[in-house]
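So the structure is just underneath, and the comments pick up after that.
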Amino acid sequence: MNNREFDLTVISDCILDIYYRIEKLPIGVGDIAISNVITASPGGACTTAIVARKLGLNVAVIDRIGNDAFSDILVRHLNDNGIYTGFMRRVHGTVTISNNIIGNNGHAFLGYLGVSRDLTIDEIDEGVIKRSRAIYINGFYTSFSRSIINTFTEVIRMAHKYSIPVFLDVGPAINNCELIIDLIKQSNTVFMNEEEMRRLFDDTTNLVKFARDNNINAVVKLGDKGAILVHSGNVTHCKPYNVNSITTTIGAGDAFNAAYIAGLLHGLNPSSSCDLGNRVASIRIQYLTPIELPNLKELITQ
């Protein structure tokens, strides 16, 4: 029996990102676009896992992955970056894959939803939840699977049983919005971008009222405009960090989430953690993949 303790346990949406870089988008029927690079890296919630590890946290991942070669690559990269993968269940099928196509004028995704969307509560050890300082749930699949919403509800129940804080990223919020809002009510802190916020709450005013009424914290990530933090009923604008060169904005929000959680676990207040999130996101966008990022521990101690 594994009795290891973890600072952060990441649940669901651990995917394999494959990056291509071409001259421009869109690609039309009959076009031939040649990438000048191809590389694979953990993505989705495992971007959060890797960045949290680079910030000094002891991180584990709970998820379903396939028995395919892509899953082998994913696990190898996670292990090489110090992420504990012993709770990742290998099942027949394929891991979720995102083909990230980056052009000079933006990026596009071509993806495949793998076995992770069928994660059940029976595949999650309550003892692991109990031995974690924080739980992070990536809600990407909540827009595509009602059953996984039930899984997340039970995970949150487990965490609250042991007074473990739950951080939820709402995911794209294109379907099942009422159920996603129910999940938000049960969480301690929720992350979303501006588009997701509008799908769920219409505007910031409604979100702030909702957060106050349900005693939760909320962060709305605004890209190059920084972020809005709703904490204890108060609203703070967290200023962005500008950079001279952007390689890709893919995974910036996942990196923000990791830094915000790491900041809190290292004793920073929510406002300082939000500032750290923007700072780490600004570093993330200067690299093609999260595994290329340098060690970030010093950002916590400065």
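The values are calculated or read from the model by the stated rules, or taken from the named source; none is laboratory data. Since the model is a prediction, treat every value here as computed from it, not as a measurement. So basically every Cβ, Gly included, is an ideal-geometry build from the backbone, and we count neighbours across all protein chains shown. Areas reflect the complete protein model, heavy atoms only, side chains present, ligands, DNA and RNA absent. Shrake-Rupley method; radii C 1.70, N 1.55, O 1.52, S 1.80 Å.
With a requirement of 1 or more residues that are under 17 Å from Thr153 (Cα atoms) and either in contact (Cβ under 8 Å) with a residue 24 or more places away in the chain or not hydroxyl-bearing (Ser, Thr, Tyr) (or both), the strands (runs of 3 or more DSSP E) lying completely within segment 174-243 that satisfy it span 189-193.
Does Phe152 count as hydrophobic (A, V, I, L, M, F, W, C) and more than 15 Å from Asp182 (Cβ to Cβ)?
Against the criterion (hydrophobic (A, V, I, L, M, F, W, C) and more than 15 Å from Asp182 (Cβ to Cβ)), Phe152 does not qualify.
Scoring Gly223 on the criteria (1) open to solvent by 10 Å² or more (accessible area, probe 1.4 Å); (2) more than 19 Å from the chain's Cα centre (by Cα) leaves a single failure, condition (2). In segment 281-295, is there at least one residue being farther than 30 Å from Glu23 by Cβ and free of Cβ contacts under 8 Å to residues at least 60 places away in the same chain? Among the residues of segment 281-295, not one is farther than 30 Å from Glu23 by Cβ and free of Cβ contacts under 8 Å to residues at least 60 places away in the same chain, which makes the answer no. If you go through segment 237-263 and keep only what is open to solvent by 50 Å² or more (accessible area, probe 1.4 Å) and either over 21 Å from Gln286 (Cβ atoms) or among the β-branched types (Val, Ile, Thr) (or both), you end up with His237, Ile246, Thr249.
Taken over segment 59-79, residues that are free of Cβ contacts under 8 Å to residues at least 40 places away in the same chain, surrounded by 18 or more Cβ atoms within 10 Å (Cβ to Cβ) and outside any helix (DSSP H, G or I) amount to 1. Of all residues in segment 160-170, those satisfying the criterion of being surrounded by fewer than 24 Cβ atoms within 10 Å (Cβ to Cβ) and not aromatic (Phe, Trp, Tyr) are His160, Lys161, Ser163, Ile164, Pro165.
Within segment 1-43, the only residue that satisfies the criterion of being exposed (fewer than 11 other Cβ atoms within 10 Å of the Cβ), of a type in the set (S, T, N, Q) and either in a strand (DSSP E or B) or modelled with pLDDT under 90 (or both) is Asn3.
In the list Gly56, Gly93, Gly82, which residue meets the criterion of being more than 15 Å from Val128 (Cβ to Cβ), part of a loop (DSSP other than H, G, I, E, B), in contact (Cβ under 8 Å) with a residue 40 or more places away in the chain and open to solvent by less than 40 Å² (accessible area, probe 1.4 Å)?
Numbers: Gly93 fails: in contact (Cβ under 8 Å) with a residue 40 or more places away in the chain; Gly82 fails: in contact (Cβ under 8 Å) with a residue 40 or more places away in the chain.
Result: Gly56 is the single residue among Gly56, Gly93, Gly82 that is more than 15 Å from Val128 (Cβ to Cβ), part of a loop (DSSP other than H, G, I, E, B), in contact (Cβ under 8 Å) with a residue 40 or more places away in the chain and open to solvent by less than 40 Å² (accessible area, probe 1.4 Å).
What do you reckon, is Ile137 touching an Asp or Glu at 6+ places or on another chain (Cβ under 8 Å), open to solvent by less than 10 Å² (accessible area, probe 1.4 Å) and of a type in the set (A, V, I, L, M, F, W, C)? Judged against the criteria, Ile137 is a match.
If you go through segment 123-148 and keep only what is over 14 Å from the mean Cα position of the chain (by Cα), closer than 21 Å to Arg90 by Cα and assigned to a helix (DSSP H, G or I), you end up with Glu123, Glu126, Gly127, Val128, Ile129, Ser147, Ile148.
One residue alone among Asn176, Asn105 is modelled with pLDDT under 95 and not aromatic (Phe, Trp, Tyr), and that residue is Asn105.
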